[in-house]
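Just below is one structure, and these are the notes that go with it.
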Amino acid sequence: MSADIRPIAESELPDWIQALNTGFLQAARVSESDLAMRSKFWDLARTQGAFDPVTGRCVATFRSFPQQLSVPGGASVPSSAVTNVSVTSTHRRQGLLTRMMTAELTAAKERGDVVSTLIAAEYPIYGRYGFGPATTTAEWEIDVARCGLDPRLSGPGDGGRIDLVDAAEARETGPGLHERLRPAVAGAVNRDDRWWNIACGVEQTRARPYKERFFALYRDAAGEPAGLAAYVVDDHWTEEKRPLNTLQVKDLIAVTPEAERALWRFLCSMDWVLKVRTGYRAPDDIVPLLLPDPRAARLVTSADFVWLRLLDVERALSARTYAVPGVLVLDVADAAGLADGRYRLDAAAGTCTRTGEPADLRLDVSALGSLYLGDESAVRLAALGRLTQEREGAAALADAVFRTARRPWCPDVF
C-alpha cells in the first residue's frame, strides 16, 4: 500500500515536525514552543505530509511559502519557495518526494507563481524535477594580521561614519536598507517581519538559537543610513593571554560602494580579532580585492545555492532585462508539462512569447533555470550536452543576452 500524501491538519503538526527532525538527523523531540511557533506562522494548506498506511506515522515532509525573487533589471517575480523537504530513511525510493513535488508545482502554476525556488541540501535530487542551479555562494576566512589594512585607519574616509547600534535600531533600519538593496541584486529574496524579528532577537526559534549580535550602522556624509553589518565574536585566548578570536559576519547590507568598503574595513580592523569569517557572500564579492593582500582571504566555501524552476516562461523572461539586443527562439522541454513549448525572446523589447518559428536553441527547463538569472553560460551548457544549438552562434548570443555584469546572489538561507 502506498503512503497517503495530503496537506496536514493542525493536530498532525507534532508528528510532522518529528518526521522533519528525524529526516534531518536532529533530535526528534518536539517542544511546545517549537510547535506554537510553527503553527502560528506556517500555512498548513501548503504543508504536505506522507503518512504510512500501516502505522499512520508521518514519514515524509514538504512545505512551500510565497516569496518574491529579484531578477536582473530590478523587478521581482512571485516564487513558490520550497523548504523542509525530508523522507524518513525507512521510506526512501518509494516516490514520496516525486508525488509531493508534483502536487506543489502544479498548485504553484495554478496560483500564478512564475518560478519555484529552493536551496538543495543534496545536489543530485532536484534536477529531475526541472530545477537548475541558478546562484552560487562563497565564504572567505580573512587572516587579519596578513590582510594589510592599517587598524589605525578603520573609520570611513568619505565623510560618512560607523556607529554601533542596538538591536532595536537595527530592527528599525534594516528592512528599509534591504528593500533598497534587493532590486540591485538578482537572486535576492524578500524578508518579512518575522525574518527581522528572529535576526534581531525579538523572536526565538529552536532551529536557529539566537546569540546576541553587534550591529554596525554606516551613515553617509548626509547622515543617511546606507549599510548595516551584524556580527558575533567568540572568546578564545591562549594560556599566555593572547587573543585568538574569530569574528563571524551574520549579515551585511550595503546600498552604496562606500558603505560596503567602510563596513568591511571596520570589521577587519578590530582589536583582539585574528580571523574574520565573511558569512555567505556573492561569488564575485569585493571583499578579497578590498584587502591590500587578497591572499589573506582564504576561500572556505564555494557551492551551488539557489535552485530555480521556471513555471511560466513568458512571464519570467519578460520580467528581466538584458544587456544587449538580440532575438532567440528557445525550444524548452519539460517532462512535467508545466513550461514546455517554443518561445521567442526579444531582448531589446524585453518580451517573450510563444512561437512556431524554428528553434535557435533546444534545452531542458532545468538548463533554462540555470541561465535565467545570468550566472550560467549557454556555451558551457552546450559543451556539457545540456543545450543543443540549432543555429550557428546562438549559444554565444544567449551568453551575451543573459549574462549580467555582477553575478546573481541570494543573501538568505530559506
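The values are calculated or read from the model by the stated rules, or taken from the named source; none is laboratory data. Note that this is a predicted model, so its numbers are computed, not measured. So basically every Cβ, Gly included, is an ideal-geometry build from the backbone, and we count neighbours across all protein chains shown. Calculation scope for accessible area: heavy atoms of the full protein, side chains included, ligands and nucleic acids excluded. Shrake-Rupley method; radii C 1.70, N 1.55, O 1.52, S 1.80 Å.
Expressed as a whole percent, how much of the Cα-Cα distance distribution for region 219-365 exceeds 23 Å? For region 219-365, the fraction of Cα-Cα distances above 23 Å is 59 percent. Remark: the chain carries a charge dipole of roughly 500 debye about the Cα centre, counting +1 on each Lys and Arg Cβ and -1 on each Asp and Glu Cβ. Partners of K211 within straight-line reach, counting lysines whose Cα lies under 27 Å from its Cα and excluding those fewer than 8 residues away in the same chain: K40, K241, K250, K275. Viscosity 1.002 mPa s, temperature 20 °C: give me the Stokes-Einstein translational D for region 144-302 in µm²/s, with Rh taken as the Kirkwood radius over C-alpha pairs. Taking Rh from Cα pairs, D becomes 129 µm²/s. Where is the GNM fluctuation largest for the chain (alpha-carbon springs, 10 angstrom cutoff): K40, K275, K241? Sorting by GNM fluctuation, first place goes to K241.
A viscosity of 1.567 mPa s and a temperature of 4 °C, combined with the Kirkwood radius over C-alpha pairs in the Stokes-Einstein formula, give the chain a diffusion coefficient of 56 µm²/s.
Comparing A108, A319, A349 in a Gaussian network model of the chain, where Cα atoms under 10 Å apart are tied by springs, the biggest mean-square fluctuation is seen for A349. How large a share of the accessible area of region 14-125, in percent, is made up of carbon and sulfur atoms when the probe is 1.4 Å and the other protein chains stay in place? Exposed carbon and sulfur together represent 54 percent of the surface. Taking the protein heavy atoms of region 332-403 in the context of the full set of protein chains, the accessible area attributed to carbon and sulfur is 49 percent at 1.4 Å. Karplus-based coupling profile of region 407-414, in residue order and whole Hz: 6, x, 7, 10, x, 10, 8, 9, with θ = phi - 60° in 6.51 cos²θ - 1.76 cosθ + 1.60 and x standing for Gly or Pro.
Across region 309-317, coupling constants 3J(HN,Hα) worked out from phi with the 6.51/-1.76/1.60 Karplus curve, θ = phi - 60°, read 10, 6, 10, 10, 5, 4, 5, 5, 6 Hz, and Gly and Pro carry x.
With the cut-off at 1.5 for a/c, could you classify region 159-240 from its C-alpha gyration tensor as rounded, prolate or oblate? In terms of gyration-tensor shape, oblate. Of the residues W42, W16, ranked by 1.4 Å probe accessible area with the largest first, the sequence reads W42, W16.
Note that region 316-414 shows a convex hull volume over its alpha carbon atoms of 113 Å³ per residue. When shorter helices are ignored and each DSSP H run of at least 4 residues is given -39500 (n - 2.57), the per-residue value for the chain at 222 nm works out to -7500 deg cm²/dmol.
Accessible surface calculations at 1.4 Å, restricted to protein heavy atoms, place the chain at 46 Å² per residue. Surface listing: E224, E12 arranged by accessible area from highest to lowest gives E224, E12, probe 1.4 Å. Largest GNM mean-square fluctuation across D285, D340, D271, computed for the chain with C-alpha springs under 10 Å, falls on D271.
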